[in-house]
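Data block below; observations after.
The values are calculated or read from the model by the stated rules, or taken from the named source; none is laboratory data. Computed from a predicted model, the values in this text were never measured in an experiment. Reconstructed Cβ throughout: ideal geometry from the backbone, glycine too, with neighbour counts over all protein chains shown. Surface accessibility is based on the protein's heavy atoms, side chains included, excluding ligands, DNA and RNA. Shrake-Rupley method; radii C 1.70, N 1.55, O 1.52, S 1.80 Å.
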Amino acid sequence: MPHPVWAAGELPGEVPTLATAWSLSPVVPALLLVIALYGIGLSRLWRGGHAGRGISIAEAASFFAGTGVLVLAMVWPVDAYGAWLLSAHMGQHMLLLALAPPLLLAGRPLAVLAAALPPRWSKALHRVLHPLQAPFSRTLALATSANVAVMWGWHAPAALALVMRSEPAHWLMHGSFLLAGLWLWTLLWQRIRDDASGALSGAIAIVVVMMQMGFLGALLVFSRRILHPVYADRAAELGITAFDDQQLAGLIMWVPSALPYLVGAVWLLAREFRRMERRPG
C-alpha cells in the first residue's frame with residue numbers, strides 16, 4: 001500500500017482509525033531485512049548461550065527499540081495520521097531525526113552486521129569502511145548543518161506543500177531526516193564511546209541543533225497565523241482546530257524532541273569533565 005499523494009485542498013480519503021492506520025510500503029521489507037540480519041549476527045555472537053558476548057544485552061535492546069521507533073514512524077500509525085495532522089507529521093520527523101538514530105546506533109549495527117555476513121564479505125566491508133572513518137569523523141560541522149537544514153527546509157510551507165503533492169518528495173523528505181540523524185548521531189556516539197578529546201565539540205553541536213529546534217518550535221507555538229493551511233480542514237475532521245494542531249506540533253519539536261539531545265549533551269560534558277580531571281596539573 002503506497003503512501004497516498006496528498007493534493008492541496010483535498011482530504012486524503014477517510015480519517016484513519018488505529019485499526020486502519022497502516023502504511024505498508026517498501027520500508028517494510030527493508031526493515032524486516034535489517035532486523036533479520038541483526039538477529040543472525042546476534043545469534044552467531046551469542047552462540048553457545050553466551051548472551052552479551054561482543055554486543056551487550058542493553059545494546060541489542062537499544063537497536064530493537066530503534067527499529068520499533070521506525071515502525072511507529074513509518075508503518076503504524078504515525079505516518080497515516082501525518083496526512084491529517086501537522087502535529088503527527090512533526091512527531092514523525094522527530095522520531096526519524098532525534099530518536100531512532102541514537103537507539104539504532106547504540107546497538108552497534110555494523111559490528112553485528114559483520115558477524116551476520118560470510119567472513120569474506122565481512123572483511124571486504126571492513127576494508128571499505130575503515131579508511132573512511134578518519135575523514136568521516138571530521139565532518140561534525142557538516143552533519144550539524146545538515147540536521148539544521150532538513151529541519152528548516154522541509155518545514156517551510158512551500159516544501160511541505162510539495163510533499164503533499166509528490167510521492168517522491170514524500171520519501172525524499174523522510175529519508176533525509178533519517179540519514180541526517182544517523183550522520184550526526186554516528187559522530188556523537190564516537191565521542192561518547194571514546195575517551196579522547198572531541199566530547200566538547202559534540203556537546204556544542206548538540207546545543208546548536210537544540211537551539212534551532214527551539215526556534216522552529218517557538219515559531220509554530222506563538223505564530224498568530226496558520227503557517228500550513230493545507231492542514232486546517234484536515235485537523236477539523238479529527239475535532240482539532242488548526243491552531244491547536246500547529247501549537248502541538250511546535251511543542252513536540254520544542255520539548256520531547258530535545259530530550260535525546262539533552263541526554264547526549266550531559267553524557268558528553270561529563271566525559272569531558274572526567275578527562276580534564278585526569279589531565280596532569
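For this structure, a couple of remarks:
- Within the range 217-237, restricting attention to residues that are assigned to a helix (DSSP H, G or I) and out of contact with any helix residue (DSSP H, G or I) (no Cβ under 6 Å at 6 or more places or on another chain), the residue that is nearest to Trp267 (Cα to Cα) is Ala218.
- Residue check, Leu37 buried (at least 21 other Cβ atoms within 10 Å of the Cβ) and touching a helix residue (DSSP H, G or I) at 6+ places or on another chain (Cβ under 8 Å): no
- Check on Val128, β-branched (Val, Ile, Thr), under 27 Å from Ala205 (Cβ atoms) and loosely packed, with under 13 Cβ neighbours inside 10 Å: yes
- Test set (1) in contact with a Gly (Cβ under 9 Å, 6 or more places away or on another chain); (2) open to solvent by 10 Å² or more (accessible area, probe 1.4 Å) - Ile240 fails condition number: (1)
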